[in-house]
Amino acid sequence: MATTLLLEGLTKRFGSVVAVEDLTATVHPGRVTGFLGPNGAGKTTTLRMLLGLVRPTSGTATFNGKAYDELVAPVREVGTLLEATGFHPGRTARDHLRVLTTAAGLAASRPDEVLDQVGLSGDAQRKVGGFSLGMRQRLGLAAALLGDPPVLVLDEPANGLDPQGIRWLRSFLRELADQGRTVLVSSHVLPEVEQTADDVLVLAAGRLLRSGTLAELQSEGGGGTTVRTPDGERLVELLTEAGLPGRWLGPHEILVQASPAAVGELAAANGVVLHRLAETAGGLEDVFLALTGQGRP
């Protein structure tokens with residue numbers, strides 16, 4: 001059965017610190033939803049509330065109307081990967097999964113089946129203590145898949161993967177969503193999210209800044225000209241006076257809603273040195289940096 005994740009007014013305070021505030025969002029089945037935000041935005045706290053590991057101060061997080069601790073067989077309903085840790089270093093990959101399989105009352109064939117799914121069949125008899133971070137990530141994904149759940153909640157699953165592994169993960173998540181599963185992926189690797197996600201949630205300082213389809217957010221990035229200059233403040237003043245909107249992408253980089261010719265002529269006429277002047281199509285990264293304020297110097 002398809003499962004919808006619903007966050008309603010989700011709030012968590014740790015003393016005087018507000019980690020997540022009034023978060024309301026829907027994560028749909030059959031789609032990969034990217035959960036984005038800078039470090040400290042509240043992403044992991046949100047996921048831990050969703051999975052019953054942290055009690056919300058207020059609000060709810062449910063799977064088809066049920067909180068995680070109300071699910072009859074959570075391993076069969078929600079697969080999770082929060083950290084690629086918790087493995088006994090002296091235990092083989094297969095034995096690690098066998099322990100989890102026995103505890104959950106799953107078929108004895110599942111460890112080998114999921115090891116094959118994540119590309120670890122050849123390492124089934126290796127001790128986990130000798131695994132790289134990327135291999136541990138794959139093993140964590142295998143554990144999440146043991147119950148063949150309709151929902152996957154994954155926190156930074158690309159962490160530690162090499163380029164080949166990232167490409168594999170991209171197609172793997174797409175395949176899971178195409179099977180009708182609900183896939184929620186926390187990530188800070190924006191180019192990868194842009195190639196994987198259908199929908200995006202952007203969080204900063206515990207508050208949801210934007211939610212929508214990837215295409216909708218990409219369109220907000222617009223296009224224009226990317227300018228790199230050591231005299232950014234002066235150029236911004238000139239652009240503002242000329243009625244040319246722009247926003248910071250980095251300490252010395254600005255995205256201007258104008259043609260390269262218009263920007264270049266304005267800079268030349270006022271003696272502003274430019275180190276880069278390039279036409280750009282915009283995209284998710286521009287929107288993310290503008291929303292979170294990370295582009296400001």
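We did not get these values from a lab; they are worked out from the coordinates using the rules stated. None of these values were measured; they are calculated from a predicted model. We place every Cβ from the backbone using ideal geometry, glycine too, and count neighbours over all the protein chains shown.
Quick notes on this structure:
- Residue order for Asp178, Asp199, fewest other beta carbons within 10 angstrom first, comes to Asp178, Asp199.
- Gap separating the Cα centres of region 127-167 and region 259-289, nearest whole Å: 40 Å
- Helical content of the chain, expressed as a calculated mean residue ellipticity at 222 nm, amounts to -10000 deg cm²/dmol (DSSP H runs of 4 or more residues, -39,500 (n - 2.57) each, divided by residue number, nearest 500).
- DSSP bridge pairs, region 6-162: antiparallel proportion in percent, nearest 5: 75 percent
- For percent of Cα pairs over 33 Å apart, the candidate list reads [x] 38; [y] 34; [z] 19; the entry that matches the value derived from this model is [y].
- Most mobile of Glu241, Glu285, Glu253 in a GNM of the chain (Cα contacts under 10 Å): Glu241
- Counted by neighbouring Cβ atoms within 10 Å, the residues Leu249, Leu139 run from fewest to most as Leu249, Leu139.
- In the chain, the DSSP beta bridges split such that about 65 percent are antiparallel, to the nearest 5.
- The overall shape of region 223-280, judged from the alpha-carbon gyration tensor, is rounded, with an a/c ratio under 1.5.
- Beta bridges assigned by DSSP with both partners in region 71-228 are antiparallel in approximately 45 percent of cases.
- Each of Ile254, Ile166 has some number of other Cβ atoms within 10 Å of its Cβ, and from fewest to most they run Ile166, Ile254.
- For peptides 140-146, 77-83, sequence by mean Cβ density within 10 Å, most packed first: 140-146, 77-83
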